[in-house]
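J.: Here's a structure for you.
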Amino acid sequence: MLDKLERLPADSILGLAAACRADPNPSRVDLTIGIYMDEQGLCPVFDAVRQAQQALVAEEVTKAYMPPAGDEAFIQGMQRLVLGDGSSALRDKRVGGVQAPGGCGALRIGAEIVRAAAPDARVWVSDPTWPVHFPLLGSVGLTFETYRYYDPSSHGVDFDAMVEDLKQAVSGDVVLLHGCCHNPCGADLSLQQWGVIAGMAQQQGFTPFIDFAYQGLGDGLEQDAAGLRLVVERVPEVIIAASCSKNMGLYRERTGIALFVCRDEANAQALVSQALVAARRIYSMPPAHGALLAGRILRSETLEASWRGELEAMCQRINGLRSGLRQKLEDRSGRDFGFIQREKGMFSFLGLSPEQALRLRREYSVYMLDSSRINVAGVNARNIDYLATAVAAVL
Ligand code: LMR
């Protein structure tokens, strides 16, 4: 029965990360998978996480299952972090939250809810979007439409085209938005543009579904949430998939949450019950460790302050790398790379062809996605000159 199954190609992102790790060239540069790396090229454990973990290990008395919706401190803390202290939706108890295995698990639970509510819903995704959105949401049976988003010639958002395309989104459709630090292009909407999209959702009745995986890595925790919060204030129903992978460095702990902003409290409770049934069908219960750590951080003033400080330093370092890389690339190539400094978060397209990306891999051991998406956080003082020289050589 099983021997007819063929070997499948590796995932486009994970496969390249593995290829880079296997490259014996000591000068290899890994700009593939979106993980934060420090000056030493290591993905560090936050101090706040370490402290929370020590306390958890000392105090933990059971490994019994978590409550199906997850850790209460985590759910409360994440709702506050994402929606803000002043959120009227939270005050009105119109938000349901379910802990999920990472942002991916939250996206999948959100998709299950959409499918249950509107089996024929079309999901509008940006062109381009994170490739894993397609299997995560599509395997539930939802279909996709794309809206124009990134304009390679301006290296920015083609907002007129986005609006033009989204005019076709109707009630019963879902529009998937990247809350901040767009993956893969790094080009974000301005607050004013978020306002326009919120207005369209109100007018046309489509449901915003916000993938919020990079809060705190663009301009800061509050600034990065401004667009999302504006949508939540204006649009009665919003689905959010948030992740602690990047902003708490909890990648392997699979720590995320699906939030459902609803018209009223009863509806929010109904959606939580639906989400729990969906989760039981797929993975039964969420993993505990990461959420227990995040919950401890978010319920302790001291730990939260320490974590916020560390995240801010990370964010500043990424933005410093953006300006440093821009400068080096411009010096070496004589071309304009100002967009790298305008874009946000971990990712930018360098604007290279797949052939150029391949040459960089083959001839220089510089690994980026074929689309020329780079993880800016993979740049450091040791590799920045080598990287800029290699890129200039293939231009
Ligand atoms: C990425 O896009 O590199 C990250 O979101 C990690 C992943 O799972 O692909």
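Every number here is computed from the coordinates shown, using simple stated rules; none is lab data. In this text the structure is predicted, and so the values were computed from the model without any measurement. As a convention, Cβ positions derive from the backbone with ideal geometry for all residues, glycine included, and neighbour counts pool all protein chains shown.
J.: For the range 14-161, rounded, prolate or oblate, judged on the Cα gyration tensor with a ≥ b ≥ c (square roots of eigenvalues), a/c < 1.5 rounded, else prolate if a/b > b/c?
T.: Verdict is oblate for the range 14-161.
J.: Could you work out how far helix 102-117 tilts from the main Cα principal axis of the chain, as a 0 to 90 degree angle to the nearest 10?
T.: 50
J.: For the residue pair L395 and E72, what label-to-label distance in nm results when each label sits 7 Å from Cα along the Cα-to-beta-carbon direction?
T.: With each label point 7 Å from Cα toward Cβ, the separation is 5.8 nm.
J.: Given the C-alpha centroids of the range 56-108 and the range 266-296, what is the distance between them in whole angstrom?
T.: Measuring centre to centre over Cα atoms gives 8 Å.
J.: Rounded to the nearest 0.05, what FRET efficiency do I282 and E6 have when you use their Cβ-Cβ distance and R0 = 25 Å?
T.: After rounding, the FRET efficiency stands at 0.50.
J.: Follow-up question, since we're still on this one. Using the Cα centre as the reference, give the magnitude of the dipole from point charges on the C-beta atoms of the range 264-395 (Lys, Arg: +1; Asp, Glu: -1; all else neutral), rounded to the nearest 20 debye.
T.: 340
J.: Pop a pseudo-label 7 angstrom from the Cα along the beta-carbon direction at both Q54 and Q40 and give the gap in nm to one decimal.
T.: Once both label points are built, they end up 1.8 nm from each other.
J.: So, one more: Once both axes come from the Cα atoms, what is the angle between helix 265-282 and the longest principal axis of the chain, in degrees from 0 to 90, rounded to 10?
T.: Relative to the chain, helix 265-282 is tipped by roughly 60 degrees.
J.: In sequence order, what are the phi-derived ³J(HN,Hα) couplings for the range 79-85 according to the Karplus relation 6.51 cos²θ - 1.76 cosθ + 1.60 with θ = phi - 60°, rounded to whole Hz, with x for glycine and proline?
T.: So the Karplus estimates, Gly and Pro as x, are 4, 5, 5, 7, 8, x, 4 Hz.
J.: Ranking request for peptides 237-245, 270-278, 356-364: highest mean number of other beta-carbon atoms within 10 Å first, then the rest in descending order.
T.: 237-245, 270-278, 356-364
J.: Next question, about the same structure. If you build the Cα gyration tensor of the range 225-372 and take the root of 5 times each eigenvalue, what three semi-axes come out, in whole angstrom, biggest first?
T.: Calculated on Cα positions only, the semi-axes equal 38, 20, 18 Å.
J.: Determine the alpha carbon to alpha carbon distance for each of K167/K246; K63/K246; K167/K344 and list only those over 30 Å.
T.: Going by Cα-Cα distance, K167/K246 fall outside the 30 Å limit.
J.: Right, another one. Only four residue types carry charge here, +1 at the Cβ of Lys and Arg and -1 at the Cβ of Asp and Glu. Report the dipole size of the range 330-395 about the Cα centre in Debye, rounded to the nearest 20.
T.: 140
J.: Provide the packing ranking of 340-351, 12-23, i.e. peptides ordered by the mean count of other C-beta atoms within 10 Å per residue, highest first.
T.: 340-351, 12-23
J.: Still on this structure, I have one more. Quick one: Karplus J couplings for the range 361-369, per residue in order, coefficients 6.51, -1.76, 1.60, θ = phi - 60°, nearest Hz, x for Gly and Pro?
T.: Each residue of the range 361-369 in turn: 5, 5, 8, 10, 6, 9, 9, 9, 5 Hz.
J.: What is the set of long-range amide H partners of R373 at a cut-off below 5 Å, with H atoms built 1.01 Å from backbone N?
T.: Placed amide hydrogens put L350 under 5 Å from R373.
J.: Another question, if that's okay. Quick one: 3J(HN,Hα) in Hz for the range 237-243, Karplus 6.51/-1.76/1.60 with θ = phi - 60°, rounded, Gly and Pro as x.
T.: Running phi through 6.51 cos²θ - 1.76 cosθ + 1.60 with θ = phi - 60° gives 10, 9, 10, 10, 10, 10, 9 Hz.
J.: Pulled fully out, how much extra length does the chain show between L191 and D264, if you take 0.36 nm times their separation in residues and subtract their Cα-Cα distance?
T.: Once the chain is fully extended between L191 and D264, it gains 23.7 nm.
J.: Can you give the charge dipole size of the range 57-138 about its Cα centre, rounded to the nearest 20 debye, using +1 on the beta carbon of Lys and Arg and -1 on the beta carbon of Asp and Glu?
T.: 220
J.: 5 Å is the cut-off here: which amide hydrogens, built 1.01 Å from N in the peptide plane, fall below it relative to T146, excluding neighbours closer than 5 in sequence?
T.: So T146 has HN proximity to V125.
J.: Dipole of the chain (Lys/Arg Cβ +1, Asp/Glu Cβ -1, origin at the Cα centre): which of Y150, G378, G84 lies farthest to the positive side?
T.: G378
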